[in-house]
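Written below as C-alpha cells is the structure these notes are about.
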Amino acid sequence: MKVVRTDYRTLVRFDADVQIPHAEMIVAQGVFETILERYERDLEVLSLTTGDDAAAAIEAAYKSLCQESREKGLPHPLGALSEDPKIRQKQIRRRKVCLNYLLTDLESENNAPLDALSARQLLVDAEYPGGDQHILGGVEEVVLPLVASPHLLEQVATNRAVREVKYSGNVDKGVKVVVEHLDGGGGGGGGGAKTSEMVCDALVLTVPIPLLQSKTSKTEQGEIVFSPPLPSWKRNAIEAKGFGNYNKIALKWKREDIFWPVEAQIMSINFSLASEREGGWRHASGLENMKGDMSEEDSNLDCLMLPRRNLWIFNHMPVEDEPMLVVMISATLADEMRDSSTVSLVNRVMAAIRVPFPKAPKPEGSWDLNEWSQGGWSFHKKGSTDQHVRDLISPISSVGKSKHPFDACRLLFAGEATSEVRPGYMDGAIETGEREAVRLIQALEAHTPKSRL
Ligand SMILES: Cc1cc2nc3c(=O)[nH]c(=O)nc-3n(C[C@H](O)[C@H](O)[C@H](O)COP(=O)(O)OP(=O)(O)OC[C@H]3O[C@@H](n4cnc5c(N)ncnc54)[C@H](O)[C@@H]3O)c2cc1C
C-alpha cells in the first residue's frame, strides 16, 4: 500500500480572507493544548460546575489557567498585551482569530458544534500512531489485504439491504435476517421489494449508528426492524451517540486554472460569524462584534462561543499531481447545507473559496451524499455515559437456553461508533470488527472440547 504522510507544516489557514501566520498559530496552539490538558486533568471538578457541556468546560479550564498565571505573577498565557492602543487592538484581534480557529478545528474534527458535544468527547484524542496518511489508490488498499482468502470475498453479498433481524424465538434456528435485494433479485413475491431470508448462528451488525436510531429526527430511510425489539439498555446506548453530518466535495480544475498554493497539502478557511447575503460570504469575520478583549483582566471565552463555520480543503496536487481540491464540510455548515442540491452546494463552497481566492474559476466536477451512511461519523452526545459506551459494545444474548456456543452473543455490534479508542476513524472501525470476531472465536473455543481445537 502506498501512502503519503500529511505534512501539517504546509497547512495554510485563513480567517475569511486573511491568512493566519503560522508562528501565531503555534503560540495559540500551545495555550490551547494546555487548556485541553487542564480540562482532562480537572474534568470531574469542571463537569461539576459546568455540567456535561464541552464548551463550558473548555471555558472553565481557560479561566483556571488565566487565574493560575495571575496568582503566580506570570504573564497572560497568550503573552502580555502592548500598552500602545493600536498594537493592543491588533494583538487582541489575533488572539481571537487564533483561538476561534482552534475551537472551529475542534468542531470540525468532532464533526459537531461544540454545544452538542459531551465533555467526554474531548477526551477521545488517541492519535493514529503513523500520523495522518493519504492512501493512494483508495480505501480498498487497506481493506482487501485484510481478507484472508479470495474465497471469502466471493461470499460477500452486495446490493443486499438488511431490513429485519429476528434474533430470538427458537434459539436453535439462530438469527434470521431479512434482506432486500436492491438489484431486484431474490424471492419475496408480489410486485413489491424482492426479499430473502438468511439464517446464521450469530450476526455482527456494523451499520452506521443512524441506521439503528429511532427515526424521528432523521430520515425514515434504512430502518432495520428488530424482532423482538432491542432491549432498552442497548437502545439507550444507541441513542446516546450523535452522528455529525459531513460532506465531501471533490472539485477539479484544468491544470492551467490552478489558483491555490500548490505546495500546501491542506488549506483551512474559517468564518467565525460569516453570514451569507445574496449567495456570498459578505460579513467575513465578525470578530470585532465579539465581546471581551482576552486581556489579563478578562478571562472569559464567551467572545468565542459563537456559531462557527469551517472548510477543510485537501489539495491533491502534492500527493497525486491532480488539480483537485477535496473540500470537507463539517459541523454547523454541514447541517446548514443538508438539504442543498449538489449545484447549490458547489455554488456555496465556491463562494466561500472566493473569499480568500477571489479569482478562483468554476470547477469541473463534484460528489454527492450517500443514503447508506446518512452522515459522517459518530460522537458522544451530551449526557452520554461510560455505561452507554459499554452497552453499545455489548452483544445481545439469545432468549432461552439452547447450549449453542453463541447463546451469549447472538447479536453483535461493530463499526466505528462502537470503538472505545478511535471512534470516527477507519482503523477504529476495523479494530471493532476484529474485536467481535475474537468474541465469536472465544465463544466457540469455550464450547469446543480441547482435543478438537
Ligand atoms: C466525507 C468523509 C470523510 C472521512 N474521512 C476520514 C478520514 O480521512 N480518515 C478516517 O479514518 N475516517 C474518515 N471518515 C470516517 C470513516 O469513513 C468511518 O469512520 C468509517 O468508514 C466507519 O466504518 P464502519 O465500518 O463503521 O461504517 P461504514 O464504512 O459506513 O460501513 C457501513 C456499511 O453498512 C452499509 N449499510 C448501511 N445500512 C445497511 C443495511 N440496512 N443493510 C446492509 N448494509 C447496510 C453501508 O452501505 C456501508 O457499506 C470519513 C467519513 C466521511 C463521511
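The values are calculated or read from the model by the stated rules, or taken from the named source; none is laboratory data. No experiment lies behind these values; they were computed from the predicted model shown. So basically every Cβ, Gly included, is an ideal-geometry build from the backbone, and we count neighbours across all protein chains shown.
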- Query: Taking into account only those residues within the range 249-262 that are buried (at least 18 other Cβ atoms within 10 Å of the Cβ) and within 22 Å of the chain's Cα centre (by Cα), which is modelled with the highest pLDDT?
  - Reply: 251
- Query: With 53, 105 as the choices, which residue is away from the ligand (no atom under 16 Å from the Cβ), among the acidic types (Asp, Glu) and either surrounded by fewer than 16 Cβ atoms within 10 Å (Cβ to Cβ) or assigned by TED's automatic domain parsing to the domain that holds residue 31 (or both)?
  - Reply: 53
- Have a look at 97, 31 and point out the one that is hydrophobic (A, V, I, L, M, F, W, C), under 25 Å from the mean Cα position of the chain (by Cα) and under 30 Å from residue 338 (Cα atoms). 97
- Query: Any chance the range 404-424 includes a residue that's in a helix (DSSP H, G or I) and either hydrophobic (A, V, I, L, M, F, W, C) or away from the ligand (no atom under 14 Å from the Cβ) (or both)?
  - Reply: yes
- Task: Determine, yes or no, whether residue 358 is modelled with pLDDT under 90 and either near the ligand (Cβ under 9 Å from one of its atoms) or surrounded by fewer than 19 Cβ atoms within 10 Å (Cβ to Cβ) (or both).
- Result: yes
- Residue by residue through the range 372-403, note down the ones that are within 16 Å of the ligand (Cβ to nearest atom), assigned to a loop (DSSP other than H, G, I, E, B) and surrounded by 20 or more Cβ atoms within 10 Å (Cβ to Cβ). 375, 376
- Task: Could you list all residues from the range 223-248 that are surrounded by fewer than 21 Cβ atoms within 10 Å (Cβ to Cβ), part of a loop (DSSP other than H, G, I, E, B) and within 12 Å of the ligand (Cβ to nearest atom)?
- Result: 223, 224
- Is there a residue in the range 109-123 that is within 15 Å of the ligand (Cβ to nearest atom), within 20 Å of the chain's Cα centre (by Cα) and closer than 30 Å to residue 202 by Cβ? no
